[in-house]
Amino acid sequence: MDRPTVLFPLFDRVQSLDVTGPLEVFHGAASIPGHAHRAPRVLTASPDGAPVRTDSGLTLLPDTALDRVGAIDTLVVPGGPGTRTPDPHLVIWVAERAPHARRVASVCTGAFVLAEAGLLDGRRATTHWDHCATLARRFPDITVDPDPIFVRDGPITTSAGVTAGIDLALALVEDDLLIARHLVMFLRRPSGQAQFSTHLATRTARRPALRDLQHWIADNPAADLSVPALAERAGFSPRQFSRLFTAEVGTTPGRHVEGVRLETARRLLQESDDGVTAIARACGLGTDEALRRAFVRSLGCTPTEYRNRFRTTT
């Protein structure tokens, strides 16, 4: 039986990690004992078969030209600045060939190529969080969800930025071969896990008093982090503090504090042997039930389930 083909279309100013990360996952399937005969054949192709230059200046040599590609099992469209005004040949080719593939995926801003090809109309999708608003504005028929690291809607899966493409590829390979545990990395993150940490999701305030306060909150998640207490520490009235913090950080003080506490709990669950009760107190959420509610609401799993997936200590 012929091995299924996973194709990565290449184009100028592609993001190299969007290609190499997922490609290594699919390639790794061939190294699993007993699965080599079912592992996919991974191909790369550019519109004309010529080398392409990545956004970082790296030159990639494709295996073939798009028009020479045969049957495709899985199409993975990477992202990068080249997707902002994608090659019309690439868009037409994707529109014609994608419906014949068993499944289609995009990494990061590769979703824009799928959108230009009309493949995401009426579907739920995601992309890098910094480009979600643009995707939604340019393609109003798409339901853009900025929170998950990847979104599945029928045969099409879209993912967030860069490393989320590895999570996506692991999910696809795991579906076929159930080999994620054999790869030298953690099990893929659940698709509903937030794309980015609190420190990346929020901006650093311009005012030194607020910027210092952000660092202090991160270092003291179990302290009194109410608006009145934080306002007093920063030297503002509560009303003025809430207004300035939201404007400069991009979220309310309450949501920022909740994010910091959740991130602290995530880190402790992964890296420490502390019990859930101790972690709830250490991160400032107080009780097991408050911690559980926060995890289910934000990550779609309980603290225990999260620890079982991502524990880094032995």
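Those strands (runs of 3 or more DSSP E) of the range 66-158 in which 2 or more residues are more than 12 Å from P9 (Cβ to Cβ) and under 21 Å from the mean Cα position of the chain (by Cα) occupy 150-153.
Answer yes or no: is there a residue in the range 48-58 that is out of contact with any Phe, Trp or Tyr (no Cβ under 7 Å at 6 or more places or on another chain), open to solvent by less than 30 Å² (accessible area, probe 1.4 Å) and among the aliphatic types (A, V, I, L, M). No, the conditions are met nowhere in the range 48-58.
Set side by side, the residues G79, G70 differ, and just one is touching a residue at least 60 places away in the same chain (Cβ under 8 Å) and open to solvent by 30 Å² or more (accessible area, probe 1.4 Å), which is G70. Assess whether G21 counts as being touching a helix residue (DSSP H, G or I) at 6+ places or on another chain (Cβ under 7 Å), surrounded by 18 or more Cβ atoms within 10 Å (Cβ to Cβ) and either part of a helix (DSSP H, G or I) or modelled with pLDDT of 95 or more (or both). Here the answer is yes, as G21 does meet what is asked.
Against the conditions (1) part of a helix (DSSP H, G or I); (2) of a type in the set (S, T, Y); (3) open to solvent by less than 70 Å² (accessible area, probe 1.4 Å), T251 satisfies every one except (1).
The number of residues in the range 287-314 being open to solvent by 40 Å² or more (accessible area, probe 1.4 Å) and within 18 Å of A223 (Cα to Cα) comes to 2.
The values are calculated or read from the model by the stated rules, or taken from the named source; none is laboratory data. Since the structure is predicted, the reported quantities are computational estimates derived from the model, not experimental observations. Counting neighbours? That spans all protein chains shown, and the Cβs are built from the backbone with ideal geometry, glycine included. Just the protein is used for accessible areas: all its heavy atoms, side chains included, with ligands, DNA and RNA removed. Shrake-Rupley method; radii C 1.70, N 1.55, O 1.52, S 1.80 Å.
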